[in-house]
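Novice: Handing you this structure, nothing more for now.
The values are calculated or read from the model by the stated rules, or taken from the named source; none is laboratory data. Quick caveat: nothing in here was measured; it's all calculated off a predicted structure. Glycine also receives a Cβ, built like all others from the backbone with ideal geometry; neighbour counts cover every protein chain displayed. When the accessible area is computed, the model is the full protein with side chains, heavy atoms only, and any ligands, DNA or RNA have been set aside. Shrake-Rupley method; radii C 1.70, N 1.55, O 1.52, S 1.80 Å.
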Amino acid sequence: MKTNLITRAGWHKLDEELKYLWKVERPAVTQSVSEAAALGDRSENAEYIYGKKRLREIDRRVRYLMKRLEAVKIIDHDPRQNGKVFFGAWVELENEGGEVVRYRIVGPDEIDTKNNHITIDSPMARALIGKQTDDEVLVKMPSGTKEWYINKIQYQPFEQE
């Protein structure tokens, strides 16, 4: 089951996707389907068949986004959280081998492995919640238990190095 937490930026991203699909993409696809239907035989009309399929995909995503935006709870940063790891934090970790990784703890709708955004439901995030800088964290993973040290915690993105 998904956690119903989301950052304000994540909520706005889902809301923008919903608005784009409903106000821009769906009307454009509907128009192209209408034009393709006017050409006659629909059984072998690839534009018509693809357009109808794309409309179903858009409608399915719109329904999902509408339900999801109603269900999620926006979590904003509270200054009292500074110094500890909570939802929305950027965390820099280091293992015994000197490997340094940076993660941001977000909701399941915001996972972005390219930017190291991990879900609060992940083993790593669960192990980090409530910890402080210089704490040692044991993370149980499928490959075994790994030990990490918390170098930095902040609620603004890390500077690119």
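Novice: With the dipole of the chain worked out from charges on the C-beta (+1 for Lys and Arg, -1 for Asp and Glu) around the Cα centre, which of Asn45, Ala89, Thr113 lies farthest toward the positive end?
Specialist: After comparing all options, I get Asn45.
Novice: Residue by residue through the stretch 72-83, what is 3J(HN,Hα) from phi via Karplus (6.51 cos²θ - 1.76 cosθ + 1.60, θ = phi - 60°)? Round to whole Hz and write x for glycine and proline.
Specialist: Residue by residue, the stretch 72-83 yields 7, 10, 6, 10, 9, 5, 10, x, 5, 7, 3, x Hz.
Novice: For the chain, what does -39500 (n - 2.57) per DSSP helix run (n ≥ 4), summed and divided by total residues, give at 222 nm, in deg cm²/dmol to the nearest 500?
Specialist: -11500 deg cm²/dmol
Novice: Which lysines, if any, have their Cα less than 30 Å from the Cα of Lys73, not counting same-chain residues under 8 positions apart?
Specialist: Lys2, Lys13, Lys19, Lys23, Lys84, Lys114, Lys131, Lys140, Lys152
Novice: Using heavy-atom solvent-accessible surface (probe 1.4 Å) with all chains present, what is the largest-first order of Ile74, Ile120, Ile150, Ile49?
Specialist: Reading off the accessible areas and sorting them downward yields Ile49, Ile74, Ile120, Ile150.
Novice: Run the accessible area of the stretch 1-109 with a 1.4 Å probe and give the carbon-and-sulfur part as a rounded percent.
Specialist: Carbon plus sulfur share of accessible area: 53 percent.
Novice: Taking amide hydrogens as modeled 1.01 Å from N in the peptide plane, which residues meet the under 5 Å criterion relative to Lys152, leaving out close sequence neighbours?
Specialist: Glu92
Novice: Oh, and also: What are the semi-axes of the equivalent ellipsoid of the stretch 50-131, taken as the square roots of 5 times the eigenvalues of the Cα gyration tensor, listed largest first and rounded to whole Å?
Specialist: Three semi-axes, in Å: 33, 17, 9.
Novice: Just the accessible area per residue of the chain, please: how many Å² with a 1.4 Å probe?
Specialist: 65 Å²
Novice: Sort largest first and round to whole Å: the equivalent ellipsoid semi-axes of the chain, each the square root of five times a Cα gyration tensor eigenvalue.
Specialist: 44, 17, 13
Novice: Evaluate the charge dipole of the stretch 51-107 about its Cα centre and quote only its size in Debye, nearest 20, assuming +1 on the Cβ of each Lys and Arg and -1 on the Cβ of each Asp and Glu.
Specialist: So the magnitude is around 880 debye.
Novice: Let me ask something additional. For Phe86, enumerate residues with amide H under 5 Å from its amide H, sequence gap 5+ or separate chain, H modeled in the peptide plane.
Specialist: Gly130
Novice: All other residues with a Cβ under 9 Å from the Cβ of His117 taken together, and with Lys, Arg as +1 and Asp, Glu as -1, what is their net charge?
Specialist: Result for the neighbourhood of His117: 0.
Novice: Sort out for me the Cα centre separation of the stretch 89-142 from the stretch 24-64, rounded to whole Å.
Specialist: If you average the Cα positions of each part, the centres end up 42 Å apart.
Novice: Could you tell me which of rounded, prolate or oblate describes the stretch 21-61, using a ≥ b ≥ c as the square roots of the eigenvalues of the alpha-carbon gyration tensor, with rounded for a/c under 1.5 and, failing that, prolate when a/b is larger than b/c and oblate otherwise?
Specialist: oblate
Novice: Given a cut-off of under 8 Å on Cα pairs at least six residues apart, what relative contact order in percent is computed for the chain?
Specialist: 24 percent
Novice: What is the dipole size for the chain, taken about its Cα centre, with +1 at each Lys and Arg Cβ and -1 at each Asp and Glu Cβ, in debye to the nearest 20?
Specialist: 800 debye
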